[in-house]
Amino acid sequence: MIVNEQIAIDHGLKKDEYKKICDLLKRIPNITELGIFSAMWNEHCSYKSSRLHLKNLPTKGKNVIQGPGENAGVVDIGDDDAIVFKIESHNHPSFIEPYQGAATGVGGIMRDVFTMGARPIANLNSIHFGSPQHKKTKNLLRGVVHGIGGYGNCMGVPTIAGQTSFDESYNGNILVNAMTLGLVKKNKIFYSKAAGLEKPVIYVGSKTGRDGIHGASMASAIFDDKIEEKKPTVQVGDPFTEKLLLEACLELMAGDSIIAIQDMGAAGLTSSSIEMASKGKLGIEINLNKVPCRETNMTPYEIMLSESQERMLIILENGKENLAKKIFDKWNLDFAVIGKTTNNKKIELFFDKKKVADIPIDTLVENSPMYDRKWKKCKLPKKIKIKKEDFKNLKIINILNKILSSPNICSKEWIWQQYDHTVMGDTIQKPGGDSGVVRVHGTNKAVAASVDSSAVYCWAHPLSGGKQIVCESWRNLIAVGAKPIAITNCLNFGSPENEENMGEFVECVQGLGEASSYLDFPVVSGNVSFYNQTKNIGIKPTPAIGGVGLIKDYKKMVTMSLKQSDNILLVVGKTEGDLNQSLFLRDILNEKNGPPPEINLFNEKNNGETILKLIDKKLIKSSHDVSLGGIIIALSKMCIKGKKGATLKKPNYLMNEFEYLFSEDQGRYIIEIEKINLKNVTEILEKNSVHYDELGTVNENELIINNKSKVTIDELIKSHTNWLNNYMSK
Amino acid sequence: MNSSVITFPGSNCDRDMDVALKKFGFKNKMVWHNDVELPKSELVVLPGGFSYGDYLRCGSMASKSRIMKSVINFAKSGGKIMGICNGFQILVETGLLPGVLLRNKYLEFICKNVFVKVNNKNNPYFKDIKKDTLELHIAHNEGNYFCSKEQIKEINNNNQIALYYSDKDGKINENTNPNGSIKNIAGVFNKEKNVLGMMPHPERMIDPDLSGEDGSIFFKNLINNLK
Amino acid sequence: MKIKIIVTLKKSVLDPQGTVIQQALNGMGFNDVNEVRQGKFFEINIDEKDQSKAEEKADEMCKKLLANLVIEDYKIIGSQ
């Protein structure tokens, strides 16, 4: 087939991009080469629309061992231990085939982590679906949950936390973001940078089939009516093989045979080989006849672009081939020497003794397109003034039950009970809390992780929303007693070719960067998913933040369940009573406009650090951050978890009760303390200039808001748990 | 006290079991499925996981692996063998234990704490356990125990039912049945009571910081009774 | 009318179960087995006397539920 402009366009390349390829090569590429360019230059691999803006994110810090640019980020947690982590999207495939799409998403992110030598110790996920009434939602939810469980459970890695939301903007584009944490010794981290000449290039894992060819291009294309035609690109995951691959790789990594290792993810053999060569400033030569294939008559084009799962590319030290082969034989995995490193900085492919591709590596990587896309700044919306009469006739308990049972607040136990969250015997905080927490095996340390996003805030004002999610992630870690270390981000947006969507991206990233820089909470890995768009409609901007923190002594970990009657409850952080963009205003008064809550980074940091001090002194019995739904929802969840009640005091403010209970002012926590410690705690808070209010006391089994408004905990539990169970069993 | 934990391709609770056994005083060895000989042991454990990916039928392919010949001989000579979760499925596939484990009734993987009522304490696994019910943890997709009417009668007559799913007071009914198991059965013995299979994971309940501590009671008791 | 349907993974789609079953069979000494593909079998009773109409309905069932055409093929193998 002779390549022309039309074929290039069919590959998702733009006219000028095709022209650039011809200019760089000084000739017309053949079809295999075109395939390679289209894979490397698409949005998913090249970050061509996002690179310019991602550059500004803070990526360094005293605990950062490896920032973005590797398979995953790495942070130091002391004593020669390090945590490797990353979050990644698998949105488009999950919409087309929810089980396999989600499963391979989980498989892919785990591979990213163990490629670096780390044994995965925890999985998390952030999943977003369309309106519950939409006809596809239920099946997509079920399929995605089964897929995540199917893969993670089989791997024997606990799924310790997650986030699920419903919003009609995801009707045609669901989001499935999977995150993995791995544990590694600092001196045994493996990287993808090739080094040395004439080193053998090894292929291990499953055989290559025609699955997922151009999956990476699909992830960069807007869904349209022809979506059915794109179907064959969905890959099938095989967690059993991945489990073997994990054990085999870790066994090989225990020795010193590996120079570099890279998993074959998006754009398979193409991106893995090119990235390794590019980082090492080397060339690579591959004999495609040596690649283990599952199907007959596969062409070089297909072999290079296949996205078959559970495969790795390794560059070995010379002479270690037999030793390595023995290990992979033991685990019944394919092993083949398929090429070698060269010094000519080119990728050269051979097939049936003919050279089928010959491309300078820098044309694919350094010279890949980078765009400064046009974007539109988003104005801060005007505050909505609520009229007094709007609050009339509203009954607090009714609203509380309604919000507790709403899709975005209700218990997600139906979901996480399908994930093995206790395997590996170190899960000390299960899903459903502020963060999941796992012990660092055999030590007194524990690692906390949470994943958050606030699409509604980001949609209302991307700059504030971007800051808010970082703060929320930080708070979720603090609330369990973990010192926040670093974050990973999965940036899910609409089309970058649309000025508004691009603006959302630019400003969210800006906000995210500001907050993470101020909080010393750097970004160490991440992924961008654009084109979450059906026809002209993009999703609400949904950056998901995965935060990781360290608990030095896991005995000091705090949970959110209320512990003991008569203990005192404090709200730490100032309650302003701003209802704009609160769940109350949106769902109860049906007002969708207005700015998201304001972020005060100084207070955020100061409040959080002070809470950590109190936890370290063992003064806090339970704690929970105040987020969606405000004080009353946060407190209800603490009651539900601890099966205890609470009696509220009259607020000190001259503030409408609804504003007091339902506003989503940021930087706040509810903490439970013992009476005898009240003076001690308030002194510490005052000394650190942290605002606090007395919220009330813990009681046995009733939430008492005032004389007229009370509700039993059993009723709250019912409201909280029934919605999802009923929805899924219908 | 020597024990062996067998690792099959796809086992994933083998390390957890190793940790638990060692915590309570066993000298434990890990044994590879392709080995021929079992090391000298007073207890052999088939751990949980997804041996061979749970493909075909859970436990079916692992039951044919090389080491299983020795395991079966060990059982026949009266050796103590315990299969947890996938290990239980494997033991059923070898025929050492009666019945079969089907897909959970609601077709979903379940991971949660459950209570089990100990039905038969006249064996080294449960002898001297004072409590009548234990809080343990399940995590499985195929734990729905099934056998024929005749078999049920037979295992009942032989006192082969080890554990029932129950509430914390030992009440056994539909509401306390997490997966649809016939008669709420959570674990069974062979006729001679030297082989035990159970779906719940005692090894995940050995520490107050984890899901609970009743697993500790189980292991402490077990090592004492094997002495 | 009783209709029998077989659903299998498409030839081009990886069949992890089949592959592992094949390896297990080889390990047990069935050395000449070089490929195993597995699938699902359905037997559907339908109140419809006309064979072609029944098969037409079955075909629809396959497309809408029984098979996921992204990765699976189906075949109506008989009706009586």
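Data for the structure
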quantity: Where a residue in the range B:201-224 is farther than 16 Å from B:C85 by Cβ and its partner, wherever it lies, is among the small types (G, A, S) and not in a helix (DSSP H, G or I), with Cβ under 6 Å and at least six apart; calculated: B:I223/B:G25
quantity: Leading residue by the ranking (nearest to A:I121 (Cα to Cα)) among those in the range B:1-26 that are within 14 Å of chain A (Cβ to nearest Cβ) and among the β-branched types (V, I, T); calculated: B:V19
quantity: Subset of the range A:281-299 [within 14 Å of another protein chain (Cβ to nearest Cβ) and part of a strand (DSSP E or B)]; calculated: A:C293
quantity: Answer from B:N175, B:N159, B:N221, B:N179 - the residue that is surrounded by fewer than 16 Cβ atoms within 10 Å (Cβ to Cβ) and either assigned to a helix (DSSP H, G or I) or within 14 Å of chain A (Cβ to nearest Cβ) (or both); calculated: B:N175
quantity: Residue selected from the range A:300-356 under the condition polar (S, T, N, Q) and touching a Leu at 6+ places or on another chain (Cβ under 9 Å), by the criterion farthest from the other protein chains (Cβ to nearest Cβ); calculated: A:N343
quantity: Test result for B:A186, touching a residue at least 60 places away in the same chain (Cβ under 8 Å) and under 14 Å from the mean Cα position of the chain (by Cα); calculated: yes
quantity: Helices (runs of 4 or more DSSP H) contained entirely in the range A:1-60, each with at least 1 residues that are out of contact with any Ser or Thr (no Cβ under 8 Å at 6 or more places or on another chain), over 22 Å from A:Y531 (Cα atoms) and not polar (S, T, N, Q); calculated: A:5-10, A:15-25, A:31-41
quantity: Pick from the range A:657-712, criterion outside any strand (DSSP E or B), more than 30 Å from A:P596 (Cβ to Cβ) and polar (S, T, N, Q), ranking: modelled with the lowest pLDDT; calculated: A:N707
quantity: Filter pass, A:N536 being on the phi < 0 side of the Ramachandran plot, polar (S, T, N, Q) and at pLDDT below 95; calculated: yes
quantity: Complete set of residues in the range B:1-26 that are closer than 23 Å to A:W331 by Cα, of a type outside the set (S, T, Y) and not in a loop (DSSP other than H, G, I, E, B); calculated: B:V5, B:I6, B:D14, B:R15, B:D16, B:M17, B:D18
quantity: Hits in the range C:5-43 (condition: touching a residue at least 12 places away in the same chain (Cβ under 8 Å), of a type in the set (A, V, I, L, M, F, W, C) and either within 13 Å of another protein chain (Cβ to nearest Cβ) or over 27 Å from C:E56 (Cβ atoms) (or both)); calculated: C:L9, C:V13, C:I21, C:V36
quantity: Members of the range B:11-37 found to be more than 22 Å from A:V157 (Cα to Cα), β-branched (V, I, T) and surrounded by 18 or more Cβ atoms within 10 Å (Cβ to Cβ), listed by number; calculated: none
quantity: Hits in the range B:192-218 - residues which are in a strand (DSSP E or B), under 12 Å from A:T427 (Cα atoms) and within 10 Å of another protein chain (Cβ to nearest Cβ); calculated: B:D207
quantity: Residue count, the range A:287-305 (criterion: under 16 Å from A:G35 (Cα atoms) and out of contact with any Lys or Arg (no Cβ under 6 Å at 6 or more places or on another chain)); calculated: 8
quantity: Which listed residue is at pLDDT below 95 and at negative phi, from A:K445, A:K483, A:K395; calculated: A:K395
quantity: Single unsatisfied condition, A:D79 versus (1) on the phi > 0 side of the Ramachandran plot; (2) part of a helix (DSSP H, G or I); (3) of a type in the set (D, E); calculated: (2)
quantity: Residue in the range A:406-426 that is surrounded by the fewest Cβ atoms within 10 Å (Cβ to Cβ), counting only those that are β-branched (V, I, T) and more than 7 Å from every other protein chain (Cβ to nearest Cβ); calculated: A:I409
quantity: Selection count where residues are within 14 Å of chain A (Cβ to nearest Cβ), touching a helix residue (DSSP H, G or I) at 6+ places or on another chain (Cβ under 6 Å) and surrounded by 18 or more Cβ atoms within 10 Å (Cβ to Cβ), scope the range B:51-101; calculated: 10
quantity: Verdict on B:V44 being crowded, with 24+ Cβ neighbours inside 10 Å and in contact with a Gly (Cβ under 8 Å, 6 or more places away or on another chain); calculated: yes
quantity: Strands (runs of 3 or more DSSP E) contained entirely in the range A:443-554, each with at least 2 residues that are touching a residue at least 40 places away in the same chain (Cβ under 8 Å), farther than 21 Å from A:W375 by Cβ and β-branched (V, I, T); calculated: A:446-452, A:483-492, A:542-551
quantity: Identity of the residue in the range A:610-626, surrounded by fewer than 24 Cβ atoms within 10 Å (Cβ to Cβ) and in contact with a strand residue (DSSP E or B) (Cβ under 9 Å, 6 or more places away or on another chain), that ends up nearest to A:L583 (Cα to Cα); calculated: A:S622
quantity: Number of positions in the range B:27-49 that are away from chain A (no Cβ under 14 Å) and in a loop (DSSP other than H, G, I, E, B); calculated: 7
quantity: Tally, over the range A:525-569, of residues that are within 14 Å of chain B (Cβ to nearest Cβ) and either among the polar types (S, T, N, Q) or under 19 Å from the mean Cα position of the chain (by Cα) (or both); calculated: 1
quantity: In the range A:134-174, residue nearest to the other protein chains (Cβ to nearest Cβ) [restricted to those that are hydrophobic (A, V, I, L, M, F, W, C) and not in a helix (DSSP H, G or I)]; calculated: A:V157
quantity: Pick from the range A:360-401, criterion among the acidic types (D, E) and closer than 18 Å to A:E657 by Cα, ranking: surrounded by the fewest Cβ atoms within 10 Å (Cβ to Cβ); calculated: A:E389
quantity: Residue, surrounded by the fewest Cβ atoms within 10 Å (Cβ to Cβ), within the range C:52-71, restricted to residues that are within 14 Å of another protein chain (Cβ to nearest Cβ) and charged (D, E, K, R); calculated: C:K64
quantity: Helices (runs of 4 or more DSSP H) wholly inside the range A:329-411 containing at least 1 residues that are touching a Ser or Thr at 6+ places or on another chain (Cβ under 7 Å); calculated: A:361-364, A:396-404
quantity: Criterion: surrounded by 24 or more Cβ atoms within 10 Å (Cβ to Cβ) and in contact with a helix residue (DSSP H, G or I) (Cβ under 9 Å, 6 or more places away or on another chain) - qualifying residue of A:I83, A:I127, A:I65; calculated: A:I127
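The values are calculated or read from the model by the stated rules, or taken from the named source; none is laboratory data. None of the values given here were measured: they were computed from a predicted structure. Every residue, glycine as well, gets a Cβ built from its backbone with ideal geometry; the counts of neighbours run over all protein chains shown.
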